[in-house]
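Written out below as structure tokens is the structure these notes cover.
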Amino acid sequence: MSRRFACLLALCLAWPAHAGPGQAAHFYLYRMQPGAAESFEQGYRHHLEWHRAQRDPLSWYGWTIEDGERSGWFVDASVGESFAAFDHRVNVAGDGADFRANVAPYATPMGQPTYVLLREASTGTPLENRKPSATMQVTHVHVQLGMEARFERALAAMHQALQKEPDAPAHTWYRLVTGGDSAQYMLLVARDGWAGYDRFERSPGALLAGDEAAQRDMAESVQTATTETWRYRAELSALH
């Protein structure tokens, strides 16, 4: 009996306690009601306290969009968990009630896209590792249906090019799973403010210079791309 216990103990010690960050990324976007930004932030802080009181195991990031057509919007997200984790959220009814009481009067929900992390195409995963940067350069890419394989082939070439750039910040790619028009991708480039562009400013297209096949894949697969800046709001985040 003791021998069997020793074998089971050895197996438990050999098995990792945590398999590493998950690949799901759930985002929520809100447009402020006119003049309600301060009330929204106060209410959202109260809502985060509700999550802490419930011992919510999910981590929640918060950002403010600083430029582009969505300037002033707020984004929150749970990143780095398994998709199954959202099947077991704590007190869903209570979560909704607290949100409606403290946050909903001050903002309009504008979408809740869910993405999957493209780990092989990414050079780093700061959010999954709970190490958010001060700002992020966020690029949304719409790809023609049926051209996803060619686009991701271009991402593989871009990944190789980034490996040769010692000053390049982390580039993290995601592909949309649900919550928007297909096929969409999102690139998050970690920045420490505007100074980060002095060290590295190269665009995806510039990184593919010299690789004609990858340039064709990118040019012929992409419909549109837009870029904006997100500023991390530590006081409106709850990380574990």
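Where the only charges are on Cβ atoms (+1 Lys, Arg; -1 Asp, Glu), what is the dipole of the chain about its Cα centre, to the nearest 20 debye?
Rounded to the nearest 20 debye, it is 840 debye.
Just to confirm a number: summing +1 for Lys and Arg and -1 for Asp and Glu over residues other than Asn102 whose beta-carbon lies under 12 angstrom from that of Asn102, what do you get?
It works out to a net charge of -2.
Suppose only helical runs count, i.e. DSSP H with n ≥ 4. What mean residue ellipticity at 222 nm does that imply for the chain under -39500 (n - 2.57) per run, divided by all residues and rounded to the nearest 500 deg cm²/dmol?
-9500 deg cm²/dmol
When a footprinting reagent is the concern and you count Cβ atoms within 10 Å, what order do Asp217, Asp95, Asp192 take, fewest first?
Going from sparsest to densest Cβ surroundings: Asp192, Asp95, Asp217.
Please report, in whole Å, how far the alpha carbons of segment 24-115 spread along each principal axis, starting with the longest.
Per principal axis, max minus min of the Cα coordinates gives 35, 27, 16 Å.
Which whole-number percentage describes the relative contact order of the chain, with Cα contacts under 8 Å and a sequence gap of 6 or more?
It comes to 28 percent, rounded to a whole number.
Convex hull over the alpha-carbon atoms of segment 116-232: what's its volume per residue in Å³?
Considering the Cα atoms of segment 116-232, their hull volume per residue is 103 Å³.
Using unit Cβ charges (K, R positive; D, E negative) and no other charged atoms, how large, in debye to the nearest 20, is the dipole of segment 116-232 about its Cα centre?
Computed about the Cα centre, the dipole is about 300 debye.
In whole angstrom, note down how far apart the Cα centers of segment 37-96 and segment 122-150 are.
One Cα centre to the other: 20 Å.
In the neighborhood of Arg175, defined by Cβ-to-Cβ distances under 10 Å, what is the net charge if each Lys or Arg adds +1 and each Asp or Glu adds -1?
-2
Alpha carbons only, please: Rg and Dmax for the chain, in angstrom.
20.3, 70
What is the local net charge at Gln23, summed over the other residues whose Cβ is closer than 14 Å to its Cβ (Lys, Arg +1; Asp, Glu -1)?
Computed value for this residue: -1.
Readers should treat all values here as calculations from the given coordinates under stated rules, not as data from a laboratory. Computed from a predicted model, the values in this text were never measured in an experiment. Note that we place each Cβ from the backbone using ideal geometry, even for glycine, and neighbour counts take in every protein chain shown.
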